[in-house]
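The structure appears below as structure tokens.
The values are calculated or read from the model by the stated rules, or taken from the named source; none is laboratory data. Since the model is a prediction, treat every value here as computed from it, not as a measurement. Ideal geometry is used to build each Cβ from the backbone, glycine not excepted, and the neighbour counts take in all protein chains shown. Calculation scope for accessible area: heavy atoms of the full protein, side chains included, ligands and nucleic acids excluded. Shrake-Rupley method; radii C 1.70, N 1.55, O 1.52, S 1.80 Å.
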Amino acid sequence: MADLIKPQNTIAVLQKYQFHFQKKFGQNFLIDAHVMDKILAAAQISDNDFVLEIGPGIGTMTQFLCEHARAVAAVEIDRNLIPILHDTLSGYDNVEIVQEDILKLDIGKFALEKNNGNPMKIVANLPYYITTPIVMGLLESRVPIESITVMVQKEVAERMKAGPGTKEYGALSLAVQYYAKTELAANVPPNCFMPRPKIGSAVIHLTCYPTPPVQITDEKLLFALIRASFNQRRKTLVNGLSHDPGLSLTKEQIHQAIEQTGLPLTVRGEELTLEQFAQLAETVRMVSGISNKQ
Ligand code: SAM
């Protein structure tokens, strides 16, 4: 099957199957060889690797993955794409096409069945309407994942890799950085896709940590504090935490915890590093007497 990254070959496949793009599935197919090279360079696929591709489309990236990986599983929601994938990937015996919604897939069971629970690599040009649930679902699943290399909306990539004190920094940055090291691999303009999206895109490479970079007794509390701090973004940390009904901390407890963490009472949540949020979670536990629920 011809090299699908060439726009004329993608068009030929679409016409052959009279395929119509479905907006609801976020279908923007990649048609730029330079971007494909950048994705593959960032993902560093070798012939030992088991790769999960989310949303293979007509199989453009899948073909490249099959060339480099030991085995590829491609999970596609759109039934209309399945016969096309069987055609475009017919030359490869190391690929399995799975018709499924990635958000409904039991990723732990899948990893065990397909790769004996060994670490896998994930590569995808993601449907933008569900980027965050997909990425966070994978990270939080605790399934062995070595890395995640994904095309996402540019602003989402910027939020994932942002550091304290920037306007992009928020709960998503901290959630992603708790599980993985983030690197921006490429910025990708709309003309690299068919059809063209209205927004810019970027490839982000996440290298998953074997254990989180901060030690924490109560993860739920850590993320509750992070969410509360950014819900009241423009306010001080004291105000953010005291207005959060889920936390039910008194102002005195909040003052005490912030001071014991070594922070000024005027500090804003957006200034805190992940380490500082982790320290804050520990002092909040102590001052409020929250027991270790783990
Ligand atoms: N990988 C192809 C490429 O780069 O040309 C297609 C990328 S396109 C941005 C996103 C793909 O994800 C589409 O094929 C779409 O049908 C598929 N998709 C959308 N929602 C999905 C879901 N919940 N589970 C699995 N695949 C999904």
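Figures for the structure shown
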quantity: Residue among Asn48, Asn125, Asn239 with the largest mean-square fluctuation in a Gaussian network model of the chain, springs linking Cα atoms under 10 Å; calculated: Asn48
quantity: ³J(HN,Hα), Karplus 6.51/-1.76/1.60, whole Hz, each residue of region 54-60, x for Gly, Pro; calculated: 9, x, x, x, 9, x, 4
quantity: Mean separation of Cα contacts under 8 Å (6+ apart) over length of the chain, as relative contact order %; calculated: 15 percent
quantity: Value of relative contact order over region 88-181, rounded to a whole percent, pairs C-alpha under 8 Å and six or more apart; calculated: 24 percent
quantity: Value of D in µm² per second that Stokes-Einstein yields for the chain, Kirkwood Rh from Cα pairs, at 10 °C (1.306 mPa s); calculated: 77 µm²/s
quantity: Net charge, Pro210 excluded, C-beta distance under 12 Å - Lys, Arg +1, Asp, Glu -1; calculated: +1
quantity: Net charge, Gly165 excluded, C-beta distance under 15 Å - Lys, Arg +1, Asp, Glu -1; calculated: +1
quantity: Orientation-averaged projected area, Cα convex hull of region 199-286 (nm²); calculated: 7.3 nm²
quantity: Length-normalised contact order of region 95-247 in % [C-alpha pairs under 8 Å, at least 6 apart]; calculated: 18 percent
quantity: Those aspartates and glutamates that a straight Cα-Cα span of less than 20 Å connects to Lys167, excepting residues fewer than 8 apart in one chain; calculated: Glu155, Glu158, Glu183, Glu270, Glu271, Glu275
quantity: Theoretical FRET efficiency, 1/(1+(r/R0)^6), r = Cβ-Cβ of Lys220 and Ser90, R0 51 Å, to 0.05; calculated: 0.60
quantity: Residue-averaged [θ]222 nm for the chain, counting only DSSP H segments that reach four residues, each worth -39500 (n - 2.57); calculated: -11500 deg cm²/dmol
quantity: Rg/Rh ratio calculated on Cα atoms of region 66-178 (Kirkwood radius); calculated: 1.00
quantity: For region 132-255: Kirkwood Rh in Å [reciprocal of mean 1/r, alpha carbons]; calculated: 16.1 Å
quantity: With Cα atoms, 0 to 90° folded angle of helix 131-140 axis to the chain main axis; calculated: 70 degrees
quantity: Antiparallel content of DSSP bridges confined to the chain, in %, to 5; calculated: 45 percent
quantity: Local electrostatic count, Ser229, Cβ distance below 12 Å [Lys/Arg +1, Asp/Glu -1]; calculated: +2
quantity: Accessible area of region 157-245 divided out per residue, in Å², using a probe of 1.4 angstrom; calculated: 47 Å²
quantity: In sequence order, calculated HN-Hα J values of region 247-260 (Karplus, 6.51, -1.76, 1.60; Hz; x Gly/Pro); calculated: 7, 6, 10, 7, 4, 5, 4, 5, 4, 4, 5, 5, 5, 5
quantity: Gap separating the Cα centres of region 152-226 and region 1-77, nearest whole Å; calculated: 23 Å
quantity: The chain, accessible surface, carbon-and-sulfur percent (1.4 angstrom probe); calculated: 49 percent
quantity: Vicinal HN-Hα couplings computed from phi for region 187-195 (Karplus, 6.51 cos²θ - 1.76 cosθ + 1.60; Hz; Gly/Pro x); calculated: 9, 10, x, x, 6, 8, 10, 10, x
quantity: Protection-proxy order for peptides 260-267, 138-145, each taking the mean of Cβ atoms within 10 Å per residue, highest first; calculated: 138-145, 260-267
quantity: Ordering of 217-228, 111-122 by burial proxy (mean other Cβ atoms within 10 Å per residue, highest first); calculated: 217-228, 111-122
